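**Q** Dumping the structure here so I can ask a few things about it.
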Amino acid sequence: MRSLVPCAAAIVIALTPTAQAEPTMPETPTDVKAVPADAVKTASGLASKVLQQGTGTIHPAAADTVTVHYSGWTTDGKLFDSSVKRGTPATFPLNQVIPGWTEGLQLMVEGEKRRFWIPANLAYGENPPSGAPAGMLVFDVELQKITQAPKPPAVPEDVAAAPADAEKTESGLASKVLQKGTGTEHPSPEDSVTVDYSGWTTDGKMFDSSVMRGRPATFGVTQVIPGWVEGLQLMVEGEKRRFWIPANLAYGEKTTGGRPAGMLVFDVELHKIVSGPKVPEDVAAAPADAEKTESGIASKVLKKGTGSVHPKATDRVEVHYSGWTTDGKLFDSSVIRGQTATFGLNQVIPGWTEGLQLMVEGEKRRFWIPANLAYGEKPAAGRPGGMLVFDVELFKIK
């Protein structure tokens, strides 16, 4: 299920698809083309039909988190997404998915299976961006578990505008310390942070909250909206601060994809600063002593390996990596996320497929990958363009 982008979600460039279990192909519904006469309809236009009675008695609220198995089709019978096919249920907060799901799953109880016919205006629209399916969508959804959300944080009394005693920066960012910190160091652009946060529009509507999800968020300082990038660097560990972020430092006055518009207000508590990878001194271009392949990949060994075997293109590898554009901007890092990445070498950009075959276990190497072996000069979907620089440490060949 495609979730709406939360305000503080890092924009991470995935190098690999998720490993999948042996697929189980769901059967296309016989009534996929149109809503049947016996379907129940709501005032919004959402139609549904119970396929299996539930065992529970409680309905989820919009702020609750649910675990479901689902499959989704367009009205021509094309399957476009399925947790059943992947073999793994999906878990998500109900207020962070398409409106048809937010409304529809609140009709269900645990153990229930229901078919939904979701009109375009409650899904992705008639002409959606980024490859999302268009028009009316049909979903079979089985609700396995409801996890009730914590009590929502109180709406700030000063949510409508920054008070007179708020600090202001030259950019227009306003903030106020709610709780003094215990640390002395401020995060730098290369660092990652772990925070709890809640965000409201100026009319007091909450649009995102790690507090409601019951788990803090971790991300790179530079991988969020500009107001967060600037604001986080004012804080220390243990501090809680309220920010009033003008539209030009958030998502703008007119947004797409369900993102909140206008000035946004956030309460942020900084739990932890994790030092991130430093920008390579030679990030702008490969140095003279770098090795080069015929394809144009340049690389340099930063740490010698302990292994003797090189991975093949058909092998799977486990690595830590960080990637920069040539102007020194960090766009992705497993180091910042604190979790290694595992993938098939034939499932990543060509520069990785070729480059990692030069390495052995235990080795750390820096790569300068030309655009034609990465995402191109003008890639889509927010991917970084031009030559890319990666530091990669190869832990294991599988």
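The values are calculated or read from the model by the stated rules, or taken from the named source; none is laboratory data. Just so we're clear, the structure is a prediction, and the values are computed from it rather than from any experiment. Quick reminder, even Gly has a Cβ in these numbers, built from the backbone with ideal geometry, and neighbours come from all protein chains shown. When the accessible area is computed, the model is the full protein with side chains, heavy atoms only, and any ligands, DNA or RNA have been set aside. Shrake-Rupley method; radii C 1.70, N 1.55, O 1.52, S 1.80 Å.
**Q** Would you say S275 is among the polar types (S, T, N, Q), touching a residue at least 24 places away in the same chain (Cβ under 8 Å), under 25 Å from G362 (Cα atoms) and surrounded by 14 or more Cβ atoms within 10 Å (Cβ to Cβ)?
**A** No: the conditions fail for S275.
**Q** Between residues in the stretch 45-69 that are acidic (D, E) and residues that are modelled with pLDDT of 95 or more and buried (at least 18 other Cβ atoms within 10 Å of the Cβ), which pairs lie under 7 Å by C-beta distance while being six or more apart or on different chains?
**A** Qualifying pairs under 7 Å: D64/I146.
**Q** Condition first: open to solvent by 50 Å² or more (accessible area, probe 1.4 Å) and in a strand (DSSP E or B). Now tell me which residues in the stretch 208-221 satisfy that.
**A** Passing the criteria: only T218.
**Q** Sticking with this one: I'd like to verify a number: residues in the stretch 130-184 that are open to solvent by 80 Å² or more (accessible area, probe 1.4 Å), within 30 Å of P379 (Cα to Cα) and in a strand (DSSP E or B), how many?
**A** 0
**Q** With the condition kept exactly as written, say whether any residue in the stretch 314-327 is free of Cβ contacts under 8 Å to residues at least 60 places away in the same chain, in a loop (DSSP other than H, G, I, E, B), under 14 Å from M359 (Cα atoms) and open to solvent by 20 Å² or more (accessible area, probe 1.4 Å).
**A** Within the stretch 314-327 (the criterion being free of Cβ contacts under 8 Å to residues at least 60 places away in the same chain, in a loop (DSSP other than H, G, I, E, B), under 14 Å from M359 (Cα atoms) and open to solvent by 20 Å² or more (accessible area, probe 1.4 Å)), the answer is no, since none of the residues qualifies.
**Q** Taking S192 as the residue in question, decide whether it is touching a helix residue (DSSP H, G or I) at 6+ places or on another chain (Cβ under 9 Å), open to solvent by less than 50 Å² (accessible area, probe 1.4 Å) and small (G, A, S). Walk me through it before giving the result.
**A** On the way: touching a helix residue (DSSP H, G or I) at 6+ places or on another chain (Cβ under 9 Å): yes; open to solvent by less than 50 Å² (accessible area, probe 1.4 Å): yes; small (G, A, S): yes.
Answer is yes for this residue.
**Q** Looking only at the stretch 229-259, count how many residues are in a loop (DSSP other than H, G, I, E, B), at pLDDT 95 or above and not acidic (D, E).
**A** Let us first name the residues in the stretch 229-259 that are in a loop (DSSP other than H, G, I, E, B), namely 233-239, 246, 250-259.
In the following step, the residues that additionally are at pLDDT 95 or above were identified as 233-239, 246, 250-253.
With the extra rule that they be not acidic (D, E), the set shrinks to 233-236, 238, 246, 250-252.
Within the stretch 229-259, residues that are in a loop (DSSP other than H, G, I, E, B), at pLDDT 95 or above and not acidic (D, E) number 9.
**Q** Please verify whether the stretch 371-380 includes one or more residues that are at negative phi, assigned to a strand (DSSP E or B), within 24 Å of the chain's Cα centre (by Cα) and modelled with pLDDT of 95 or more.
**A** For the stretch 371-380, residues at negative phi, assigned to a strand (DSSP E or B), within 24 Å of the chain's Cα centre (by Cα) and modelled with pLDDT of 95 or more: absent.
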